[in-house]
Amino acid sequence: MKKDLESLLELGWAYWKSQVIFAGVELGVFELLKEKGTESIEIARRLGTDPRATEMLLNTLVGLKLLSKKAGRYQNAPITSQYLVKGAPVYQGNRIHHLHNLWQRWERLQEAIRTGRSVLDEKEGERPDPQKVRDFMTSMHNYASMKARDLLKRLDVRSFHRLLDLGGGPGTYAIAIAQKTPRLTAVVYDLNHNLEIAREFIKEAHLEDRVITQAGNFLEEDLPEGAFDAVLVSNVLHIYDPPTNVSILKKCHKALQPGGWVIIHEFVLNKSGTGPPFPAFFSLNMLLGTCSGACYGVAEMKEWLSAAGFSSVKTRRLDKDSALIIGSRE
């Protein structure tokens, strides 16, 4: 009974842990400690923070196993060096920063449950804040840089010649697939304010000749007919309701050549809709931030593909939270 109570109470103060890692990232603690162990007084001096408060934060980060402490000196733990120091191949600091940005939205969860509506200002989507766009895009790039490895293990891209990355955001998947397939050309299709950042990542990868961008709104505009042999729809469908998703997939069907594939990449709920934990939580995140978004199950997405005219639908699990659902145009 006591253990159950402790677990229950820990859920109540779990957000304390989030705030501690947010503080570590935002203040630059992990960047400062990327080379060697340092005493807390020196860390406070270099960060411009209060010495006593800084030591308390550092000790808590040790408790979370994000730092180690030896002979009064603090140092990054291996997991921190791997994921929270800029320049690391799978750096995730921008993603942590984005999660911090969502904090105020999640504070209003009860409001969203009562009303069934997003807590965002309707005008926010009309005039996106450039810094918020950059925060979101770099966060998605962090996530996709890591996820692309799993995707390429489960998807044979060698036969692809022309790929459409629909709603491709930072273009990370198109870049990874192009790097894997030298003869492939890819089009990253998204709103222009997102593509401004995608172009930076494409240039950084030296792929400007094979990965291009096309600005547009796929909800309002048709896609080039029969122009592609593969369309990737990665983490797009959770933004919309089922009828909208069928409409999107019908446009993908028209954009494909005969024999072409549409590849849905999504967080996936189980049959009961109760898990796994992250997709269930992410569904609430969509409630908070979109008009009609949610996470869905594999069976539902297969129905959408069938309604859009696709055949030979198959599923490939990437991990416990996400999967590829692939349909073919005959």
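Exactly one residue out of His141, His161 is closer than 15 Å to Leu232 by Cα and in contact (Cβ under 8 Å) with a residue 60 or more places away in the chain, and it is His161. Of the residues making up the stretch 107-130, one or more are surrounded by fewer than 16 Cβ atoms within 10 Å (Cβ to Cβ) and small (Gly, Ala, Ser). Among the strands (runs of 3 or more DSSP E) confined to the stretch 112-227, there are none with at least 2 residues that are more than 26 Å from Lys254 (Cβ to Cβ). The residues listed here are Val231, Val188; of these, the one that is touching an Asp or Glu at 6+ places or on another chain (Cβ under 7 Å), in contact (Cβ under 8 Å) with a residue 24 or more places away in the chain and surrounded by 16 or more Cβ atoms within 10 Å (Cβ to Cβ) is Val188. Scanning the stretch 233-254 turns up no residue that is over 26 Å from Glu330 (Cβ atoms), assigned by TED's automatic domain parsing to the domain that holds Phe310 and among the aromatic types (Phe, Trp, Tyr).
The one condition from (1) surrounded by 13 or more Cβ atoms within 10 Å (Cβ to Cβ); (2) within 19 Å of Lys34 (Cβ to Cβ) that Val90 does not meet is (1).
Determine whether Gly273 is touching a strand residue (DSSP E or B) at 6+ places or on another chain (Cβ under 8 Å), surrounded by fewer than 17 Cβ atoms within 10 Å (Cβ to Cβ) and modelled with pLDDT of 95 or more. Yes: the conditions hold for Gly273.
In the list Asn101, Asn76, which residue meets the criterion of being under 29 Å from Gly293 (Cβ atoms) and surrounded by 14 or more Cβ atoms within 10 Å (Cβ to Cβ)?
Residue meeting the stated conditions: Asn101.
Within the stretch 46-65, being under 24 Å from Gly87 (Cβ atoms) and of a type outside the set (S, T, N, Q) holds for Arg46, Leu47, Gly48, Leu57, Leu58, Leu61, Val62, Leu64, Lys65.
Consider the stretch 191-228 and keep the residues that are of a type in the set (A, V, I, L, M, F, W, C) and without any contact (Cβ under 8 Å) to a residue 40 or more places away in the chain. The one that is farthest from His141 (Cα to Cα) is Leu219.
The values are calculated or read from the model by the stated rules, or taken from the named source; none is laboratory data. Bear in mind the structure is a predicted one, so any value in this text is a computation, not a measurement. Ideal geometry is used to build each Cβ from the backbone, glycine not excepted, and the neighbour counts take in all protein chains shown.
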